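Every number in this text was worked out from the coordinates using simple rules, so none of it is lab data. What you are looking at is a predicted structure, and each value in this text was computed from that prediction instead of being measured. Neighbour counts run over all protein chains shown; Cβ positions are idealised from the backbone, glycine included.
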Ligand SMILES: C[S@@+](CC[C@H](N)C(=O)[O-])C[C@H]1O[C@@H](n2cnc3c(N)ncnc32)[C@H](O)[C@@H]1O
């Protein structure tokens, strides 16, 4: 049976250990967060590559009709900014706007930042240090592994709503937590992932709930939705190949706990992940993405 191994704690801050090392990868050690993906350089690299693939897939950096406001000067926040590439790309394009990236872990850059960018290490589940209605545009992408379904409802959506000014926009981009395929290995890992998510109170179909969660706040006058199915591997061109890399590198990062959950050796798990790439080329594997934007009521 697989198990956690080489587990130790590193980087003390004020006597408190900040990170955990599991299977050679660095993870956060924050008790009220269920987020289970590493926060090291390898992960930052994965996120940067996927940022550019997504920009290509969606044909731009955002969905909300905020272009004009961004040109004039807007306040923008990205929750769970990761390596910060979305923020840096936006900041370059809109020099009169101010950008804040927030992440639980310090995997964003800290040096040589443009003057219109700030990154803060902060847990979105704690009330953020900004007054109500402070931002014109509140953005968040790929956070399905970050929050339980209850946290989405009780913390995340209310906090996004609180931070957005009346007439401002909230935008959420989510991926499905699984790959759609006829391949056995792909489906086996997707099923293990579903069980893992469920056991932690998370919903790997959270994209389905997002419109209802936004509607239930009664704070938005209009909610828009767009969907894309990305074909993985060579058939999907450069974005498809980069997305396949994003998925397989991400799955390898989850080896210690998914192999344990599946009751297989880590080496067996690695070989299944390798087969996912082969199945993507032999059959067709899709990775679905969804984006929503919501206009906050002028009277709120
Ligand atoms: C899959 S990554 C996506 C990063 C980025 N949005 C992107 O698209 O590249 C999820 C990020 O959310 C961060 N995160 C998870 N839980 C968080 C929380 N409670 N508060 C702030 N950030 C969180 C993680 O540290 C990680 O960087």
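Maximal additional length on extending the residue 200-residue 110 stretch stands at 29.2 nm, based on 0.36 nm per residue less the C-alpha distance. Only Cα sites of region 185-300 enter the Debye sum here, all with the same form factor; the resulting log10 I(q)/I(0) across q = 0.11, 0.15, 0.19, 0.20 1/Å is -0.49, -0.78, -1.03, -1.08, listed in q order.
For region 22-69, the equivalent ellipsoid derived from the Cα gyration tensor has semi-axes of 30, 15, 8 Å, listed largest first. If R0 is taken as 30 Å, the Cβ-Cβ distance between residue 184 and residue 249 corresponds to a FRET efficiency of 0.90. Expressed as a fraction of 2.2 N^0.38 Å, the value expected for a compact globular protein of N residues, the C-alpha radius of gyration of region 214-267 is 1.80. Take the Cα of residue 283, step 7 Å toward its Cβ, do the same at residue 270, and the gap between the two points is 2.5 nm. Most tightly packed first, judged by the mean number of other beta-carbon atoms within 10 Å of their residues, the peptides 237-246, 139-148, 55-64 read 139-148, 237-246, 55-64.
Using the alpha-carbon atoms, what tilt in degrees (0 to 90, nearest 10) does helix 41-58 show relative to the longest principal axis of the chain? In the chain, helix 41-58 runs at an angle near 60 degrees to the longest axis. Can you work out D for region 52-123 in µm² s⁻¹ from Stokes-Einstein, where Rh is the Kirkwood radius over C-alpha pairs, the temperature is 10 °C and the viscosity is 1.306 mPa s? Estimated diffusion coefficient is 127 µm²/s.
Taken along its three principal axes, the alpha carbon spread of region 8-296 comes to 53, 48, 38 Å, from the longest extent down to the shortest. Within the chain, antiparallel bridges make up roughly 60 percent of the DSSP beta bridges whose residues both belong there. Ellipticity at 222 nm from helices only: DSSP H runs of n ≥ 4 in the chain, each -39500 (n - 2.57), divided by the residue count, give -11500 deg cm²/dmol. Between the Cα long axis of helix 266-282 and the first principal axis of the chain there is an angle of about 70°, rounded to the nearest 10.
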